[in-house]
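Below is one structure, written out as structure tokens; comments come after it.
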Amino acid sequence: MSIIRIEDIAYVRFSAPDLDAMEEFLNEFGMVKAHRDGETLFMRGTGPAPFVHVTHLGEAGFRGLGFRAESVADLEKLATAEGVSVAASDAPGGGKIVTLADPDGFRVDVIAGDTPVAELATPSREAVNTGRETPRTNLVKRVKAGPAHVKRLGHGVLNVTDFRRSEAWYKERFGFITSDEIAIEGFPDSIGAFLRCDRGDQPTDHHTLFLMGLGTPKFNHAAFEVADLDDLMAGNQHLKDKGRAHEWGVGRHILGSQIFDYWRDPWGHAVEHWTDGDRVNAGFGSNKVGIEELLGTQWGPAAPPTMG
């Protein structure tokens, strides 16, 4: 039994020496400013979360990630078990926060009780004609040029020193379930796993956290859901037109099934647009798969070595 069961991932936290440059990139990536002062930039998506990305002024680097608990009561339970305090959050949306450090020293926030914001408009779409059915008649399809529309943060990926140690830490505190564990022939143990939230019968993303035991702790990437495939492709073109650094895509993953498109922010952090991912509940169970499923695609280019 875990201490609590989180609802979802909430945000990622970075630092950068130029908040103007980060805000400009994230606007082009499809986020909207939620709040900014002289030291911190908060960016939101179109969904109800007050923010999904935080940047602190300072040396470029990854600062940590945040999860959402079901209730403030769960925060208090977690704080008691960990010997820490529940604090008031000074971030957009307010609420309460507990801050921990995982086995590799990554900052892990857990929040609850914050105030949702009004959702922002996303593009409306006409029906899709396919080879099986053609519901769109006398309606032309036009996709407006411009940034994608980031809705929310879907998952984070961390390279960790010891996969089993980190896996146990996150599962014992937050109730994660393994969706797919990565085993490599010739290795004595699995090297990583895609972990999802335990929401019982309620569907959740195939993975909310992916831990990869590569021996050195490092941020790998953060993945943000966009409106749909047309939105992802419009965003791809917009970022290309802006001269941004493209990393990998467009393609469809095997594990999680998302259509993906990866980019690098001005300091080299990988951020992903995705759409059409798998939704599963606790009854989906767990699988063990090989490196081919991890790195392979159902269609699209092969993974570049820099994604490791």
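Miscellaneous remarks
- √(5λ) per eigenvalue of the Cα gyration tensor, segment 1-62, largest first, Å: 24, 15, 9
- Counted charge near Leu57, where neighbours are those whose Cβ lies closer than 11 Å (Asp, Glu -1; Lys, Arg +1): -4
- Accessible area, probe 1.4 Å, largest first, for residues Lys151, Lys141, Lys77, Lys288: Lys288, Lys77, Lys151, Lys141
- Computed [θ] at 222 nm, deg cm²/dmol, the chain (DSSP H ≥ 4; -39,500 (n - 2.57); rounded to nearest 500): -5000 deg cm²/dmol
- Largest first and in whole Å, the equivalent-ellipsoid semi-axes of segment 1-142 read 34, 22, 14, each the square root of five times a Cα gyration tensor eigenvalue.
- Summarising the label geometry, the points placed 7 Å from Cα in the beta-carbon direction at Arg36 and Gln298 lie 3.8 nm from one another.
- For the pair Ala60 and Ile3, label points projected 7 Å from Cα toward Cβ lie 3.4 nm apart.
- Additional length obtainable on full extension of the chain from Ala118 to Phe284, 0.36 nm per residue less Cα span: 56.5 nm
- Per-residue extension of 0.36 nm, minus the Cα-Cα distance of Leu139 and Ile184, leaves a gain of 11.2 nm for this segment.
- Taking one quarter of the surface of the C-alpha convex hull of segment 172-273 gives a mean projected area of 8.6 nm².
- For the residues Glu23, Glu59, Glu292, Glu185, a 1.4 Å probe over the protein chains yields an accessible-area ranking, largest first, of Glu185, Glu59, Glu292, Glu23.
- Per the Debye formula on identical point scatterers at the alpha carbon atoms of segment 41-107, with no solvent, log10 I(q)/I(0) at q = 0.16, 0.22, 0.24 Å⁻¹ is -0.65, -1.13, -1.25.
- In the chain, the C-alpha radius of gyration followed by the widest Cα-Cα span (Dmax) gives 19.2, 64 angstrom.
- Globularity index of segment 250-296 is 1.39 (Cα radius of gyration / 2.2 N^0.38 Å, N = number of residues).
- Segment 97-130-segment 35-61 distance, computed between alpha-carbon centres (Å): 12
- Counting only protein heavy atoms and a 1.4 Å probe, the chain has 45 square angstrom of accessible area per residue.
- Surface accessible to a 1.4 Å probe, Thr297 within the full protein complex, Å²: 40
- Carbon + sulfur, % of accessible area of the chain - ligands and nucleic acids excluded, 1.4 Å: 50
- If R0 equals 45 Å, the separation of the Cβ atoms of Ala81 and Ala21 corresponds to a calculated FRET efficiency of about 0.65.
The values are calculated or read from the model by the stated rules, or taken from the named source; none is laboratory data. Remember, it's a predicted structure, so these values are computed and weren't measured experimentally. Every residue, glycine among them, receives a Cβ derived from its backbone with ideal geometry; neighbour counts consider all protein chains shown. Areas reflect the complete protein model, heavy atoms only, side chains present, ligands, DNA and RNA absent. Shrake-Rupley method; radii C 1.70, N 1.55, O 1.52, S 1.80 Å.
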